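Asks: This is the structure I want to talk about, given as structure tokens.
The values are calculated or read from the model by the stated rules, or taken from the named source; none is laboratory data. Since this is a predicted model, take the numbers as computed values, not measurements. Because the Cβ atoms are built from the backbone with ideal geometry, glycine has one as well, and the counts that use them run over all protein chains shown. Surface accessibility is based on the protein's heavy atoms, side chains included, excluding ligands, DNA and RNA. Shrake-Rupley method; radii C 1.70, N 1.55, O 1.52, S 1.80 Å.
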Amino acid sequence: MANGGGDFVVIQQEYSVGFESATNVARSNKMANVINRTKSGNPGYIFGRPVLLGSSRSTTIGLSVISPKAQGLELLGSVADGVCAASRGHTVNFGVNVQSGCLLKLNRSELRDFCVGRGPHVAGNGVPRYFNVSSLLDASIGIFGNADPLDASQWLKIEIGPTPNLAAWEERSGTCKNAITSMNYRFVWTFVGAQSNPQAKIIGARVDFGTCDIKHFQFDISSRHKLGTSIVSTATFFQISKHPADYSPPSPPVAISVPYDVWYPFKIDSRSDTRKCTIGRFLSVSLSIWSLARFC
């Protein structure tokens with residue numbers, strides 16, 4: 001847009017569409033429509049659809065359920081000039097590797113407060129509040145694109161890597177040592193089901209943090225000059241198998257194993273019977289010949 005003076009003004013706009021039935025719809029646990037919810041597939045994830053995110057909750061009767069976030073998982077967001085804003089976020093879409101960042105603009109005294117855990121930009125010593133680390137403690141990811149919030153078994157807890165809490169302020173150099181400046185999600189997924197109709201499923205989720213030193217180059221403590229420091233969040237997807245492979249299970253083992261000569265005693269008895277039968281026939285023939293000779 002341009003004003004009368006010829007200067008251009010950039011305006012950020014967002015659009016969304018939601019569908020809701022105008023008639024009464026029968027709801028039941030069997031149809032998994034007891035509550036309104038967002039889906040990113042049925043059942044497997046559709047590429048490019050938001051990764052489902054929710055937080056664990058317990059009902060008054062002790063059931064474990066998930067409170068879903070309408071937008072799904074989001075990374076860091078910023079306003080028009082790139083400054084970090086908690087109200088902005090970049091949606092993580094399934095199968096799409098993404099990086100999003102924003103700027104922390106701090107003068108020397110604000111950087112010192114940030115490093116020791118004070119001020120509006122911090123959630124801990126050197127931990128930007130825009131990472132929203134505290135919400136990760138009970139966060140879960142939908143295993144499938146149609147994960148039901150009323151069934152906690154369809155959701156996967158996000159594994160949280162070690163959170164560095166070693167930030168330290170060095171007054172002489174104006175440096176915040178080991179400040180957390182990056183948050184990195186990693187998702188492991190695979191296809192399951194029939195080869196003719198595979199369904200995408202998330203089988204692992206983890207978030208790790210990265211640190212670096214932030215140094216302010218204005219040695220005047222009272223200086224109001226703000227230093228822009230970039231913080232970054234990423235999401236990366238890993239597929240454990242790109243192509244399904246035919247698998248033939250090995251032949252089952254023999255139920256029991258026996259020695260090779262297990263039938264030996266029976267073979268001995270069989271030969272003995274044959275020998276006895278032969279001797280009997282010989283005696284019978286001999287007696288017959290003797291009888292004939294006698295009468296002759």
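Asks: Only residues in region 148-168 that are closer than 16 Å to Thr38 by Cβ count as the first member; pair them with residues that are among the polar types (S, T, N, Q), Cβ under 6 angstrom, at least 6 apart or cross-chain, and list the lot.
Replies: Asp148/Gln154; Trp155/Ser140
Asks: How many residues are over 23 Å from Gln71 (Cα atoms) and assigned to a loop (DSSP other than H, G, I, E, B) if we restrict to region 118-168?
Replies: 13
Asks: Select from region 86-118 the residues that are modelled with pLDDT of 85 or more and in contact with a helix residue (DSSP H, G or I) (Cβ under 9 Å, 6 or more places away or on another chain) and list them in ascending order.
Replies: Within region 86-118, Cys102, Leu104, Leu106, Arg118 qualify.
Asks: Restricting to region 127-152, give me the number of residues that are of a type in the set (S, T, N, Q) and open to solvent by 40 Å² or more (accessible area, probe 1.4 Å). Working first, answer last.
Replies: Pass one, region 127-152, residues of a type in the set (S, T, N, Q): 132, 134-135, 140, 146.
Now narrow it down to the ones that are open to solvent by 40 Å² or more (accessible area, probe 1.4 Å): 132, 134-135.
Within region 127-152, residues that are of a type in the set (S, T, N, Q) and open to solvent by 40 Å² or more (accessible area, probe 1.4 Å) number 3.
Asks: From the set of residues in region 57-103 that are among the charged types (D, E, K, R) and assigned to a strand (DSSP E or B), which is least open to solvent (accessible area, probe 1.4 Å)? Break it down into steps so the answer makes sense when it comes.
Replies: We begin by selecting, within region 57-103, every residue among the charged types (D, E, K, R); these are 57, 69, 74, 81, 88.
Next, from what is left, pick out any that are assigned to a strand (DSSP E or B): 57, 74, 88.
Values: Arg57: 112, Glu74: 55, Arg88: 96 Å².
Applying the filter and picking the extreme gives Glu74.
Asks: Still on this structure: Starting from region 2-31, keep only residues that are more than 21 Å from Leu150 (Cα to Cα) and open to solvent by 100 Å² or more (accessible area, probe 1.4 Å), then list their pairs with residues that are modelled with pLDDT of 75 or more and among the aromatic types (Phe, Trp, Tyr) whose Cβ atoms are within a distance under 7 Å, requiring at least 6 positions of separation or different chains.
Replies: No pair meets every condition.
Asks: Somewhere in region 121-135, is a residue under 29 Å from Leu227 (Cα atoms), free of Cβ contacts under 8 Å to residues at least 12 places away in the same chain and of a type in the set (Lys, Arg)?
Replies: no
Listed here are the residues, each with its yes/no results for (1) under 23 Å from the mean Cα position of the chain (by Cα); (2) under 23 Å from Arg129 (Cβ atoms).
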{"position": "Glu159", "(1), (2)": "yes, yes"}
{"position": "Leu166", "(1), (2)": "no, yes"}
{"position": "Thr175", "(1), (2)": "no, yes"}
{"position": "Asn178", "(1), (2)": "no, yes"}
{"position": "Phe187", "(1), (2)": "yes, no"}
{"position": "Ala194", "(1), (2)": "yes, no"}
{"position": "Asn197", "(1), (2)": "yes, no"}
{"position": "Asp208", "(1), (2)": "yes, yes"}
{"position": "His216", "(1), (2)": "no, yes"}
